Amino acid sequence: MPIFFDEKNKIFKLDTATSSYIFQVYDENYLIHLYYGARIPDFDLTDLAYRDGSASFSAAPAHIDDYYFSLDAFPQEYPCNGTGDMRLSALAIRNADGNAATDIRYVSHRIYDGKPALEGLPALYANSPDEAQTLELEALDAVTGAKVTLLYTVFNNTGAMTRSVRIENTSDRPMDLQRVYSACVDLPDMDYNMMHLYGKWVKERTLTTRPLSHGIQSIASKRGSSSHQHNPFVALAKKDASEDHGDVYGFNFVYSGNFAAEVEVDFNSTTRFLMGINSTDFCWRLEAGEHFTAPEVVMVFTPDGIGEMSRIFHRLYNNNLIRGRWKTEKRPLLINSWEAAYFDFDTDKLVSFAARAKEMGVEMLVMDDGWFGCRNDDTNSLGDWFVNEKKLPGGLSELIRRVNELGMKFGIWYEPEMISPDSDLYRAHPDWCLHVPDRARSLGHHQCVLDMTRQDVRDNIFEQMSAVLSNNKIDYLKWDFNRNITEAGSALLPPERQQEVFHRFVLGTYELMDRLTKAFPDLLIENCSGGGGRFDPGMLYFSPQIWCSDNTDPLERLTIQFGTSMCYPTSCVGAHVSANSRTGYVTKGNVAMSGSFGYELDPNKLTDEEKAIVRKQVADYHKYYNLTHFGDFYRLIAPTDNTFRCAWGHVAPDKSEALFTVVIIRCPESSAFPLRLKGLDPNKTYYCEALDLTRSGAALMNAGLNLTKMKQTDGESLALYFKAVEE
Ligand code: GLA
C-alpha cells in the first residue's frame, strides 16, 4: 500500500511511484516533517529533523526537554502562527479573544482507498478506489477548538500526491481564519532554483527561473482570478537539475482565484514552501459548528528532471482531472469567428465561414462575442443573454439550422460572470455586481463583475443560459472572463464576512459551472479569460480545454505554449491558426498542432495555396490527434534559452510513433543544426518520411538529426513524424 503508518515510532510514510514523503507525530503530538524526495525504503528518519534551534531568542515549548527542539527551526508538517515558529505559517486563526496564536496537535488518523471529493471545489479524482489512497489526519487546536483535518492522497502509479485541509469550529464561539494554506513543504537546504510562469495579457506563462535566496520570495494573484500575471505553478529544481536529470518538485494549485506560493529560506538556510489561498484580502468567519475546506495542491516529485515532472502532471491531468465525454472522445475541429469578424457579423457571414471551412474539413463553427443583447462593441449587454435578432434574423435556431445543414456543429460564446452597466440586467438589479458602499465601481473593459457569491445572481444566469442551451442544438461553449475584480464587496454579506468575497466568488463560479456541466453533460466547454488569464487546474476540471492566449502569432506562441507545458497537457491548450501574423500558414499549423487545434480566420479570404495547406493540416489533425492529446511531451530546445530555435515533440506511450516540431524563430548565427531527439525506444527503428530517413531510436537520441540543410530563416518550421518500422 502507498500509505504506511509505523505505530511504534508514529511515523507516516506516503510513497508515490517516484517519491517518499515522511512525517512524524513528535513529542507532545507536534507534527514534524522528515523527508520529501526520491523514493526510499526507510521510515525512521527522526534525526533528520534536528536543526540548530538556537537562533536569537527562539522560544521552545516548555514541556519538551530537548535542547535542540524548537518550533522555530524544526521542519513542520503544517506550521501555525504565533506559538514559536517565526517563519511563514500555514495556519493563523484569530479566536474570539482577538489573538491569532494557533497551535495544532495530532489527534488521530485514518487511511483508506480512493480519494474523497472536496466540498464545492474542483479536485483530482481516482477512477477506481485502487488508483489512489488517502490519509486523513485529524489535529486539534485545544484552545480555539479548531479541528484541522490534513488530507493527503497518493496516486499509486504516478509521481503525484495531493494535499488539502479542512477546518471545523468545534467550539461555541466564532473564529476567523486569517491564513489557511493548503500545503507546506519544509526542505532541509536552499539549493534550489524557483521556476514559475509570469506574464500579462498576450504574453502568458513565460517561464522564469531564479535561485532561492535568504528571506521570502513569492508569486501571487489578488486579481480575483489565477491571472495572466502569475500562474499557480511553482517548481523547485535542485540547482544541478536539468530538463532530463535531477531532483524537481512541482506544485500546482487547483484553484481559479487569489493564490499565493511563498518560499521562505530561514536562518538555518532551510526552505519552506507554502501554497494556498492568498491571505491578503482573505478572512473567513467560522461560526460554531461551521467548517471550511481549502482547495488542493498537486505535488509532484521526480529525480528525473523538469521534463519528467511535466509528463507526470500531463498524464495525471489527462487521467485524473479532466472529466466527462470530451476527456477521451475526439473533440471537433473548430473555426472561431473572433479574429475573423470581431463584433461585425450576421447570419449570412457566419454561415459563409461555416461553408468555406466545411469544404476544408473543419467540423464546428464557434460564434464568438457579439450575438446577444444589442452588443456591437464591448461597451454593453453583458448579462442580457438573449439573441440579437437584428444581427441574427430568425434567431439562433435559424443560424444553427443552416450551420448544421452544412454538416457542421455549432458553438457559442458567453461571459457569465460579467455585467455591463449598460444592460437590462444592470438596470433591473444595480446591486448585483460586486461593489462596496460609498465607492465608485471601477470599470474594466467597460464592465462590472457579477456578485457570484449570491444564489439569486447565479440562478438568474443559469436560467438565462439554460434557456438558450436547452432550446438550441449547441455543442460547444466558450466561457470567458475579461476583467479583474475590484471593490470586492457583496450587498448581502455582513461586514465581518466581506473579506470572504474573493473566495466566495470563486465558489459561486464553480457552483454555476458544476450546475451547467451536470445539466448539459455533452457540452464541450472551452475556458478563456482574455486568452489564458484563468489557465489553471480548477478550470480544467470543468472544461477540458482552455484558450491559451489571445496572441495567435505562432512565433510568440512558442514561448507561451512552452511555459504552459510545464504542468498542463497539450490536450487542453487551445491553439488556433489565425491570419494575424506574417509567418506562413505551415508554421502556424505546426505550432497550433501542439495544442487543442483550430482556426480563427475568415476562410473566404484564404488563397488556393493556403486552402491546400489547411486541408493538409486537417488531415494531420486527425492523424496526430492521439499523439498530441495523449502522447508524452518532450521539450528539446527552449525558446527562452535559445532565441533562434525552438523544438519539442510528442511520443506515443508505446513509443510506436512520434511527432517532433522544429521552428526557426529568427535566422541563427550558426547554420549547423544538430538535434538530438528524446523519448524514443532505443531498440526500435523509426522511419521519417519528411527526411526519408530510417534510423534506430538509439541513434536518433544519441547521434541525433543533422538539420543543417533546413531552411533556417524566420518563421520556417518542420513537422517530423517518425513511425516505428519492422527491421
Ligand atoms: C476575450 C477572448 C477572445 C474573445 C474576446 C471577445 O478577449 O480571449 O478570444 O472571445 O474575449 O470579447
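Being among the small types (G, A, S) and in a loop (DSSP other than H, G, I, E, B) is the filter; apply it to region 586-626 and report the residue that is nearest to the ligand (Cβ to nearest atom).
Checked region 586-626; the qualifying residue nearest to the ligand (Cβ to nearest atom) is G595.
Hey, any hits in region 593-612 for a residue that's among the aliphatic types (A, V, I, L, M) and surrounded by fewer than 19 Cβ atoms within 10 Å (Cβ to Cβ)?
yes
Out of everything in region 448-474 that is of a type in the set (S, T, N, Q) and farther than 23 Å from L396 by Cβ, what residue ends up being surrounded by the fewest Cβ atoms within 10 Å (Cβ to Cβ)?
My answer is Q455.
Could you run through region 32-71 and say how many residues are free of Cβ contacts under 8 Å to residues at least 40 places away in the same chain and either within 25 Å of D304 (Cα to Cα) or part of a loop (DSSP other than H, G, I, E, B) (or both)?
Total satisfying the criteria: 25.
Counting only residues that are closer than 25 Å to T206 by Cβ and without any contact (Cβ under 8 Å) to a residue 60 or more places away in the chain, which one in region 502-550 is nearest to the ligand (Cβ to nearest atom)?
Looking at the filtered set, the residue picked out is C528.
A440 passes all but one of (1) surrounded by fewer than 22 Cβ atoms within 10 Å (Cβ to Cβ); (2) within 16 Å of the ligand (Cβ to nearest atom); (3) among the aliphatic types (A, V, I, L, M); which number fails?
(2)
If only one of L286, L274, L316 is modelled with pLDDT of 95 or more and either small (G, A, S) or more than 30 Å from S171 (Cβ to Cβ) (or both), which one is it?
L316
Can F4 be described as within 25 Å of T302 (Cβ to Cβ), without any contact (Cβ under 8 Å) to a residue 40 or more places away in the chain, surrounded by fewer than 19 Cβ atoms within 10 Å (Cβ to Cβ) and out of contact with any His (no Cβ under 8 Å at 6 or more places or on another chain)?
Here the answer is yes, as F4 does meet what is asked.
Would you check if F481 is in contact (Cβ under 8 Å) with a residue 12 or more places away in the chain, of a type in the set (F, W, Y) and not in a loop (DSSP other than H, G, I, E, B)?
no
Restricting to region 240-254, what's the tally of residues that are closer than 17 Å to A160 by Cβ and either assigned to a loop (DSSP other than H, G, I, E, B) or among the basic types (K, R) (or both)?
Number of matching residues: 2.
Being of a type in the set (D, E) and either in contact with a Lys or Arg (Cβ under 6 Å, 6 or more places away or on another chain) or under 20 Å from V300 (Cα atoms) (or both) is the filter here, so list the residues in region 114-168 that pass it.
D130, E131, E136, E168
Among the candidates D654, D714, single out the residue that is over 26 Å from T559 (Cα atoms) and surrounded by fewer than 19 Cβ atoms within 10 Å (Cβ to Cβ).
None of the others qualify; the one that does is D654.
What is the number of the single condition among (1) on the phi > 0 side of the Ramachandran plot; (2) without any contact (Cβ under 8 Å) to a residue 12 or more places away in the chain that S381 does not meet?
It fails just one condition, (2).
Which of the helices (runs of 4 or more DSSP H) found entirely inside region 486-580 contain at least 1 residues meeting this: farther than 23 Å from A341 by Cβ and not assigned by TED's automatic domain parsing to the domain that holds F410?
Counting at least 1 such residues, we get 554-564.
Restricting region 443-473 to residues that are β-branched (V, I, T) and away from the ligand (no atom under 16 Å from the Cβ), which is nearest to the chain's Cα centre (by Cα)?
The qualifying residue nearest to the chain's Cα centre (by Cα) is T453.
Can you pull out the residues in region 194-205 that are surrounded by fewer than 18 Cβ atoms within 10 Å (Cβ to Cβ) and over 14 Å from A261 (Cβ atoms)?
Result: K200, W201, V202.
Would a scan of region 691-706 turn up a residue that is of a type outside the set (A, V, I, L, M) and either touching a residue at least 60 places away in the same chain (Cβ under 8 Å) or within 28 Å of V577 (Cβ to Cβ) (or both)?
Yes, region 691-706 contains a residue that is of a type outside the set (A, V, I, L, M) and either touching a residue at least 60 places away in the same chain (Cβ under 8 Å) or within 28 Å of V577 (Cβ to Cβ) (or both).
Which residues, taken from region 475-484, are within 16 Å of the ligand (Cβ to nearest atom) and closer than 20 Å to L399 by Cα?
Listed by number, the residues that qualify are Y476, L477, K478.
Can you pull out every residue in region 403-437 that is among the acidic types (D, E), more than 28 Å from M539 (Cα to Cα) and either touching a strand residue (DSSP E or B) at 6+ places or on another chain (Cβ under 8 Å) or more than 16 Å from the ligand (Cβ to nearest atom) (or both)?
The answer is E405, D424.
Take the residues in region 563-588 that are without any contact (Cβ under 8 Å) to a residue 60 or more places away in the chain and more than 24 Å from the chain's Cα centre (by Cα); name whichever of them is surrounded by the fewest Cβ atoms within 10 Å (Cβ to Cβ).
The selected residue is S581.
Would you call A17 hydrophobic (A, V, I, L, M, F, W, C), modelled with pLDDT under 95 and part of a loop (DSSP other than H, G, I, E, B)?
So A17 does not fit the description; no.
For region 72-84, what are the residues that are in a loop (DSSP other than H, G, I, E, B) and either closer than 24 Å to T144 by Cα or not small (G, A, S) (or both)?
D72, F74, P75, E77, Y78, P79, N81, G82, T83, G84
Exactly one of these conditions fails for N642: (1) at pLDDT 95 or above; (2) surrounded by fewer than 17 Cβ atoms within 10 Å (Cβ to Cβ). Give me its number.
Condition not satisfied by N642: (1).
The values are calculated or read from the model by the stated rules, or taken from the named source; none is laboratory data. The structure displayed is predicted, hence computed values, not measured ones. Glycine gets a Cβ as well: all are built from the backbone with ideal geometry, and neighbour counts include every protein chain shown.
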